[in-house]
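All remarks here apply to the structure that follows.
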């Protein structure tokens, strides 16, 4: 399925921000600044629970080769603790991480090669990095216009290993933005967890994944409440990728790969000459998590992985389940006395969206992080005295972070006017919105009707636009039954220019990887071949002689957040 175009913040600002023209400065400092310790600066901070921003003052307490170390006013942080973490950063964390991942943008938006480390009493987050700071505040109103890593000193004591771990994690995010600003969340977070290990601080998120049930590797929840298990999944996968498929340049070519997510991994593996695909690696990783052999592709270095096998099938019987896409479920079969025939039944297709697209389908915005999807067409309104636009819309977007817009251009697309509609919102608590936009959940199909009479007598461009931020995204939006009765009696057909948008019937091909794992002194892994309907079977000659017999079922349908269903059964052979 075609990926959506990446967002270009500067282009979007030039098109959508009133009074801002193309070619505005991207570097905010007229010359490199010269800072001294003791100065006090004011910075914007993010309050995640309240979803708002606020300002606080910080004193510059320490300057090292690569960083300014700020402390929020009113905090009692010992200078020796700050110096201890600064020494670890300069001597271990920074050199180790840039060797594997590359470097941050330098000298950056402020024309200064130093990172800024802000030690603050953050609300909820242990630490964060936000790419909005990499842009002028003419684009993002709450930008601090510096390269910044924020550390929560209420959660981690300065100078502690927890503090240093968080610093390593967030540093990778800054580096990744410089290499590939549109990377998908699951990869970016997994690589940040890997960066913690590379920096020398071990790993603590993997256990949550191994103890959980089937968890999607790539599809993360819209709220952070249950994100911990996803961090563990992404961490374990990226550690595996690094152990098995790192280049002499570490993973720098992966971070610099312009394609994102699975496509980016496929491009990286092909360009590096490994001769495998993401699908191959994912399938091997699923087995490695269960077997954890001491060497080879079915093992991990530095981890003991014992995933929870939640499904035990006793004797000859049938087991049915549903699992998230890009997740695995392990099913163990026991108590057999002779040859065994395993049969798998899946689905050939799965719904893309949890909604009926209608007989004529709908225009789907696509999904992803840092994307800019548009659906555009011209409308000749000359000779008309009144104009009304009607359409139906469904959406599931990251609320108050990602937005969709309805727009008009009267100058051929150089500038766009964002229109207000009955269901659009002016809420913009963190500065991500360009104007009145759709955000959150529609709760089903909604009907929109709006007056375009102010544009009567002109030739205009009409555009639907979906813009997402760096991290986490929903299923997107779908629009259908677009009417302008004064122009055309039926739905507007043809002449749509789609960039990222796709006309869908709401079905995607479902893929599975079914692997039968015979666990004994010599483990054996067999991939069950599936037909076009995703049905297959495999004969096990002597299951009674094995220590364990486990079937790993993984579902891999692109783009959809809808689960995959399957049935697996065991019967005597012969």
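Points to keep in mind about this one:
- Restricting attention to segment 9-284, close to 60% of DSSP beta bridges with both partner residues there are antiparallel.
- When peptides 182-190, 52-60 are sorted by average Cβ neighbour count within 10 Å, with the highest value leading, the order is 182-190, 52-60.
- Span from the segment 108-154 Cα centroid across to the segment 221-289 one, whole angstrom: 27
- Going from the fewest other Cβ atoms within 10 Å to the most, the residues 528, 238, 1 appear in the order 1, 528, 238.
- Working from Cα pairs under 8 Å separated by at least six residues, relative contact order for the chain is 16 percent.
- Rg to Rh quotient for segment 217-362, alpha carbon positions, Kirkwood Rh: 1.02
- Two-site FRET efficiency, residue 385 against residue 54, from Cβ-Cβ distance with R₀ of 41 Å, rounded to 0.05: 0.25
- Rg/Rh, computed from the Cα trace of the chain with Rh as the Kirkwood radius, has the value 1.01.
- Mean residue ellipticity (222 nm) of the chain, computed from DSSP H runs ≥ 4 via -39,500 (n - 2.57), nearest 500: -6000 deg cm²/dmol
- Fewest neighbouring Cβ atoms within 10 Å first, the residues 80, 407 line up as 80, 407.
- Sorted fewest first by neighbouring Cβ atoms within 10 angstrom, 401, 105 come out as 105, 401.
- Potential extension, residue 160-residue 451 segment - 0.36 nm per residue separation minus Cα distance: 98.8 nm
- Across segment 362-504, the relative contact order, built from alpha-carbon pairs under 8 Å that are at least six residues apart, equals 48 percent.
- Cα-based Rg of segment 270-313 normalised by 2.2 N^0.38 Å, two decimals: 1.37
- Its relative contact order, with pairs defined as Cα atoms under 8 Å and 6+ residues apart, puts segment 54-95 at 32 percent.
- The length gained on full extension between residue 341 and residue 308, counted as 0.36 nm times the residue separation minus their Cα-Cα distance, comes to 9.4 nm.
- Backbone N atoms of segment 17-32 closer than 18 Å to the 7 Å Cα→Cβ label point of residue 410 belong to residues 17-20.
- With a simple spin-label model that places each label point 7 Å from the Cα along the Cα-to-Cβ direction, the separation between residue 427 and residue 527 comes to 4.6 nm.
- Given their separation in residues at 0.36 nm each and the Cα-Cα distance between them, residue 259 and residue 334 gain 22.6 nm when the chain is fully extended.
Readers should treat all values here as calculations from the given coordinates under stated rules, not as data from a laboratory. Because the structure is predicted, anything quoted here is derived from the model rather than measured. Positions of Cβ are backbone-derived with ideal geometry, glycine not excepted, and every protein chain shown enters the neighbour counts.
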